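Presented below is the structure to which this report refers.
The values are calculated or read from the model by the stated rules, or taken from the named source; none is laboratory data. From a predicted model like this one, the values you see are computed outputs, not experimental measurements. Here Cβ is always computed from backbone atoms with ideal geometry, including for glycine, and neighbour counts include all displayed protein chains. These area figures cover heavy atoms from the full protein model, side chains too; ligands, DNA and RNA do not enter into them. Shrake-Rupley method; radii C 1.70, N 1.55, O 1.52, S 1.80 Å.
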Amino acid sequence: MNKVVIVTGGAGYIGSHTVVELFNAGFTPVLLDDFRNSQPWIIDRLEQLMGVRPLVHEVDCQDAIAVEEVFARYTNCDGVIHFAADKAVGESVVNPVKYYQNNVGSLCVILNAMKRFHLENLVFSSSCTVYGESDEIVVTEESPVKSAVSPYGDTKITCERIIRYQIEAEQDLKAFLLRYFNPIGAHPSGLIGELPQGVPNNLVPYITQTAKGIREKLTVFGGDYHTPDGTNIRDYIHVCDLARAHVLALNYLSSKEKPFCDVLNLGTGKGTSVLELITTFEDVNELKLNYTIGDRRSGDVEQIYANTQKAKEVLDWSCDFSLGDALRHSWQWEKGIKEHS
Ligand code: UDP
């Protein structure tokens, strides 16, 4: 029988792509999602991609009773990948309690459930936001974790700390804390991708919505940074490459003795400026984007990208997709959203 993996937030952007990668690697993914920030029809798409309908439990991960009821059904489970969280930085500033309650609360529920059912392997969704306003442009896992610039960022730092403390205390858990850089792109099939609610905060969905005519124009937040073209530099990683790293991380955990805890940066190792990204989007999709250079957005780090050496060495992982691939896939997905939904 295939190994079962519980995927919280499995209908979300990174979660849904990871479900496909898990399935392709021979696992049986079990999705926990309350669809607060995802669409139920994504499950139909997963069925189309996998040829079988995934197992789904509509559960809020803050609900300990409901979560433990699900865990009780999969006591043969190989591990948990915990994506379920709120992720809008701006909203977290306006409503911090919501972020601590959901992001930290859900993790505590999951850790208790794992303990109760003796599940050992945890892959946790963290973020490069934990490096804050880093003194280094290329960050390694050894770069200092800075005090967070937003409540969202602080929930990720707090969750990482809780997992470390739990492992120290209980000695019966193995975990990877995966620090994502900027996930973009969509599945090459065009069947699943990112579905931002309302006006996108992130660059690539804003670009694709502008190209589609949903937004009038993109404003580049700042053209006077100390970078070669004056715009911010980030590390944009294709969501399928990111998703595949989760499968490798889980396999790695299974092979280790407990206790175990380690952190990995997941990026491409390459910095791309906002203007470079726009030009690549225009080139690969053969279109022109309406954009203007505007003021800086408060809280933006000037430039940051990943040193990915450790993830390469530990997981024997590297990215298959280029920036151009990711931007082609994002555009393909955007064009299809209305007719599909
Ligand atoms: N950005 C921009 N216009 C937008 C959205 C984002 O110029 O409408 C820039 C933003 O200033 C940053 C980069 O795009 O330099 C990536 O922003 P995003 O919010 O996607 O990710 P993060 O800030 O978390 O790295």
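Restricted to the range 292-316, and to residues there that are under 25 Å from the mean Cα position of the chain (by Cα) and of a type in the set (Gly, Ala, Ser), the residue that is most open to solvent (accessible area, probe 1.4 Å) is Ser298. Cβ separations smaller than 9 Å between residues 6+ apart or across chains give the following pairs from the range 204-225 residues that are farther than 21 Å from His238 by Cα and in a strand (DSSP E or B) to residues that are modelled with pLDDT of 95 or more and basic (Lys, Arg): Phe221/Arg296.
The residues of the range 234-246 that are assigned to a strand (DSSP E or B) and open to solvent by 10 Å² or more (accessible area, probe 1.4 Å), listed by number, are Arg234, Tyr236. Here Ala186 clears all of (1) in contact with a Gly (Cβ under 7 Å, 6 or more places away or on another chain); (2) surrounded by fewer than 22 Cβ atoms within 10 Å (Cβ to Cβ); (3) within 30 Å of Met50 (Cβ to Cβ); (4) of a type outside the set (Ser, Thr, Tyr) except the condition numbered (2). Whenever a residue of the range 288-299 is acidic (Asp, Glu), its partners that are open to solvent by less than 100 Å² (accessible area, probe 1.4 Å) and near the ligand (Cβ under 8 Å from one of its atoms), lying with C-beta atoms within less than 8 angstrom and at least six residues away or across chains, give the pairs Asp295/Phe221; Asp295/Gly222. Filter the range 305-329 for residues that are within 20 Å of Leu177 (Cβ to Cβ) and either part of a helix (DSSP H, G or I) or modelled with pLDDT under 95 (or both); which is nearest to the ligand (Cβ to nearest atom)? By that ranking, first place goes to Ala311.
Selection within the range 247-304: residues that are touching a Phe, Trp or Tyr at 6+ places or on another chain (Cβ under 6 Å), part of a loop (DSSP other than H, G, I, E, B) and not acidic (Asp, Glu). The member of this set that is farthest from Gly10 (Cα to Cα) is Arg296.
Residues in the range 163-216 that are β-branched (Val, Ile, Thr) and in contact with a strand residue (DSSP E or B) (Cβ under 9 Å, 6 or more places away or on another chain): Ile163, Ile167, Ile184, Val204, Ile207, Thr210.
State all residues of the range 186-214 that are touching a Cys at 6+ places or on another chain (Cβ under 8 Å) and within 15 Å of the ligand (Cβ to nearest atom); if no residue qualifies, say none. Listed by number, the list is empty, since nothing qualifies. Put simply, of Leu289, Leu266 the only residue that is within 16 Å of the ligand (Cβ to nearest atom) and surrounded by fewer than 20 Cβ atoms within 10 Å (Cβ to Cβ) is Leu289. Applying the set (1) within 13 Å of the ligand (Cβ to nearest atom); (2) part of a loop (DSSP other than H, G, I, E, B); (3) polar (S, T, N, Q); (4) open to solvent by 20 Å² or more (accessible area, probe 1.4 Å) to Thr231 leaves exactly one unmet item: (4). Taking the criterion of being assigned to a strand (DSSP E or B), within 24 Å of Ile337 (Cα to Cα) and open to solvent by 30 Å² or more (accessible area, probe 1.4 Å), no residue of the range 1-31 qualifies. The strands (runs of 3 or more DSSP E) falling completely within the range 32-151 include none with 3 or more residues that are without any contact (Cβ under 8 Å) to a residue 12 or more places away in the chain.
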